[in-house]
Number of protein chains: 2
Amino acid sequence: MLNFTIGPVQSSDIVCSIGAEQVPYFRTSEFSAIMKENDELVMKFAKAPEGSRVVFITGSGTASMEAAVMNCFTEQDKVIIINGGTFGNRFVEICRIHGVPFTEIKLETGKALTEEQLQPYDGCGYTGLLVNVHETSTGVLYNIDMISRFCKRNDVFFIVDAISSFLADSFNMAELGADVVIVGSQKALACPPGISIIIMNPKALERVNSIDVKSMYFNLKDALKNGERGQTPFTPAVGILRQINARLKEIEAVGGVEKEISRIADLAVDFRNKIMGMPFEIVSESMSNAVTPLYPLKTSAHDIFETLKDEYGIWVCPNGGDLKDKVFRIGHLGALTKEDNTTLVNAMKDMQKRGLL
Amino acid sequence: MLNFTIGPVQSSDIVCSIGAEQVPYFRTSEFSAIMKENDELVMKFAKAPEGSRVVFITGSGTASMEAAVMNCFTEQDKVIIINGGTFGNRFVEICRIHGVPFTEIKLETGKALTEEQLQPYDGCGYTGLLVNVHETSTGVLYNIDMISRFCKRNDVFFIVDAISSFLADSFNMAELGADVVIVGSQKALACPPGISIIIMNPKALERVNSIDVKSMYFNLKDALKNGERGQTPFTPAVGILRQINARLKEIEAVGGVEKEISRIADLAVDFRNKIMGMPFEIVSESMSNAVTPLYPLKTSAHDIFETLKDEYGIWVCPNGGDLKDKVFRIGHLGALTKEDNTTLVNAMKDMQKRGLL
């Protein structure tokens, strides 16, 4: 199968070969050294400021989204949530569950956030802001510089879910003043799912250390303390952490984060060029390099997903909920090439000939 | 390295070979079918009663311990915790964090629970009991039949952490009347760590569905609902779930759960015979087949761990905290043989000659 979903994506040979190895015992200095390397490279690639720290959570991206909210906000906060789809809505639900007061800025499907939508909240006493820099469900990349300026001028604690954007779009945690950044193992990191990552700047560390979180598994203070010696409080997904280590070093060896971002950007441009004139609309006002969201003009998006899977051996990424029949998405993350793009486009052209598109 | 720890343990060839494969996209009927098979085989091996359900959590065993407590108990409960070591203590901490009223029965290191210790709690209005059937830190397997009788006669909701005991010791969820059973991927299941499993009987399902849990990631109602169609609310550790599938089928193909338990029991007996006369004491009053806890008479347990690792290429399982220098453990789980036992015993005999044991 050729995998154009947004995760799990295709892994490199080295990542797969580590998957075949026995998983080592991990309460050792050898494993601690791997974790320390992971910390350093993740912070380097995110351009985290001096004094930042990283925690690896064995869990889905949602685990880290919830952990971040639980460890950084309380009932005393008042946060803004940019809600442009499934993942914005997830932050809304998390704040609701944990009693964190919030206001949501709800966006229509495919729409970018504008300066005008943010301005009314200037000077209103908000203490935090939650955004999925790339709303993966609709393929909208927000203007993170604009949001950063809002947070800076209002002195707002700034949590960025960069799960599907990290390593795919330019990102500078230090310059943006992002306090917390969340990353997943199965997007552009192109490792198996099972690990999510929370990067915290010094301001975030202070906040985390001052809040008494009602959770054992999501106690970031505890994770940070264990992390000082390259360990985790509980048995982590050791195999995936070793795969992440190999992958981070692989990216570094072939030119670093900018090189990986431009490789993914090239793939996205190539694909977008190749589908010109086909019966799709791209509704997203602002796309990430990670994903091209396609609105088929004549057919159900979900039927296209099923046909490509069953008849062409290709996975594209379906949507759920209201968007199920309207939108499907093409991911540009992981071990893909321009030849793979051609294979996909040819399959879609064949479907078009058959009247299935 | 030869791995005698208690997890991660050595995996079979088929589990390793799946680790080398690309991780497939999972919002598909194909992956749902795998999850349904996993459900059925886990319930079969645990001897779960009719109408039980299974949830796979992407997370450590602790994640499922906490999820079970959060979804099954509230501040209205009054629970007994059998606390014989690190993992008993973990249940104590989880109840403390979540405000679940509890009484702990604290046991000395290596001691089994007695009928006399339980009796004072008869008829005292307890609503729940939490036990780690095998307290992994000290290698004590509790008398689960005795605990089961207590729970039945007091109509107490019965949660069993069987993480290190499942597939290693006989267990019959239906007969014991265990309401919730917790399992990990990296013990006798011998897959990479990253998944834990919660099995619930109909009484547990009722309880879970009646409690409003303050968590998104650990919302078992939501997991159960998604599980009806073989799916999970969030991206799970798809690769490990596929490995679990292959491993469960492998166990089934070579004779089922009883065969696997007796294989592990044989390995444990073989090892225990081979170390007779060596300078170790076994303090556990009641051992699981999973682990042999060794108290070296002359040397630091942690030094033995380090020497075996660095000079013999063998991992045994060290302890933390107060037991660090006192106890180390030999696991009998995973892809090990009697020849491997001989290799380990020969290494220890060599250390003895060198005055290191």
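Can you tell which of A:A46, A:A68 is out of contact with any helix residue (DSSP H, G or I) (no Cβ under 7 Å at 6 or more places or on another chain) and either at positive phi or crowded, with 19+ Cβ neighbours inside 10 Å (or both)? Explain how you work it out, then say what you get.
On the way: A:A46 fails: out of contact with any helix residue (DSSP H, G or I) (no Cβ under 7 Å at 6 or more places or on another chain).
Within the list A:A46, A:A68, the selection yields A:A68.
Selection of segment A:267-298 for residues being in a helix (DSSP H, G or I) and touching a helix residue (DSSP H, G or I) at 6+ places or on another chain (Cβ under 8 Å) yields A:L267, A:D270, A:F271, A:K274.
Taking (1) in contact with a Gly (Cβ under 6 Å, 6 or more places away or on another chain); (2) surrounded by 19 or more Cβ atoms within 10 Å (Cβ to Cβ); (3) in contact (Cβ under 8 Å) with a residue 40 or more places away in the chain in turn, B:L107 satisfies each apart from (3). Out of A:V79, A:V140, A:V42, which single residue is of a type in the set (A, V, I, L, M, F, W, C), modelled with pLDDT of 95 or more and under 30 Å from A:P236 (Cα atoms)? Answer to the selection: A:V42.
Contact map, segment A:236-263: first residue away from chain B (no Cβ under 14 Å) and surrounded by 15 or more Cβ atoms within 10 Å (Cβ to Cβ), second residue part of a loop (DSSP other than H, G, I, E, B) and acidic (D, E), Cβ cut-off under 9 Å, separation 6 or more or different chains; pairs are A:I261/A:D169.
May I ask you to list the residues in segment A:209-229 that are under 20 Å from B:A63 (Cα atoms) and in a helix (DSSP H, G or I)?
Of all residues in segment A:209-229, those under 20 Å from B:A63 (Cα atoms) come to A:212-227.
Hits for segment A:209-229 are A:L220, A:K221, A:D222, A:A223, A:L224, A:K225, A:N226, A:G227.
Which ranges mark the helices (runs of 4 or more DSSP H) fully within segment A:1-118 that have 2 or more residues being closer than 21 Å to B:T58 by Cβ?
Numbers: elements: A:13-19, A:29-46, A:61-72, A:86-97, A:115-118.
Of the helices (runs of 4 or more DSSP H) lying wholly inside segment A:1-118, those with at least 2 residues that are closer than 21 Å to B:T58 by Cβ span A:13-19, A:29-46, A:61-72, A:86-97.
Summed over segment B:342-357, the residues that are under 30 Å from the mean Cα position of the chain (by Cα) and modelled with pLDDT of 95 or more give a count of 7.
Residue count for segment B:255-288 satisfying the condition of being over 20 Å from B:K349 (Cβ atoms) and touching a strand residue (DSSP E or B) at 6+ places or on another chain (Cβ under 8 Å): 6.
Quick one: is A:S164 buried (at least 24 other Cβ atoms within 10 Å of the Cβ) and within 14 Å of chain B (Cβ to nearest Cβ)? Before you say what the answer is, go through the steps one by one.
Values: buried (at least 24 other Cβ atoms within 10 Å of the Cβ): yes; within 14 Å of chain B (Cβ to nearest Cβ): yes.
Here the answer is yes, as A:S164 does meet what is asked.
Give me the residue from segment A:5-20 that is within 7 Å of chain B (Cβ to nearest Cβ) and of a type outside the set (S, T, N, Q) and, out of that set, surrounded by the fewest Cβ atoms within 10 Å (Cβ to Cβ).
Here is the first cut: in segment A:5-20, the ones within 7 Å of chain B (Cβ to nearest Cβ) are A:5, A:7-8, A:10-11, A:16-17, A:19-20.
Next cut, of a type outside the set (S, T, N, Q) only: A:7-8, A:16, A:19-20.
Values: A:G7: 29, A:P8: 28, A:C16: 19, A:G19: 26, A:A20: 16.
Selected residue: A:A20.
Applying the criterion of being charged (D, E, K, R) and within 14 Å of chain A (Cβ to nearest Cβ) to the residues of segment B:21-43, the residue that is surrounded by the fewest Cβ atoms within 10 Å (Cβ to Cβ) is B:E30.
From B:F150, B:F166, grab the single residue that is of a type in the set (F, W, Y), outside any strand (DSSP E or B) and within 19 Å of the chain's Cα centre (by Cα).
Values: B:F150 fails: within 19 Å of the chain's Cα centre (by Cα).
Among B:F150, B:F166, only B:F166 is of a type in the set (F, W, Y), outside any strand (DSSP E or B) and within 19 Å of the chain's Cα centre (by Cα).
Table: residues versus (1) within 14 Å of another protein chain (Cβ to nearest Cβ); (2) in contact with a Pro (Cβ under 7 Å, 6 or more places away or on another chain).
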{"position": "A:F171", "(1), (2)": "no, no"}
{"position": "A:I182", "(1), (2)": "yes, no"}
{"position": "A:A188", "(1), (2)": "no, no"}
{"position": "A:S196", "(1), (2)": "yes, no"}
{"position": "A:D212", "(1), (2)": "yes, no"}
{"position": "A:D222", "(1), (2)": "yes, yes"}
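The values are calculated or read from the model by the stated rules, or taken from the named source; none is laboratory data. Since the model is a prediction, treat every value here as computed from it, not as a measurement. Note: ideal-geometry Cβ built from the backbone for every residue, glycine included; neighbour counts use all protein chains shown.
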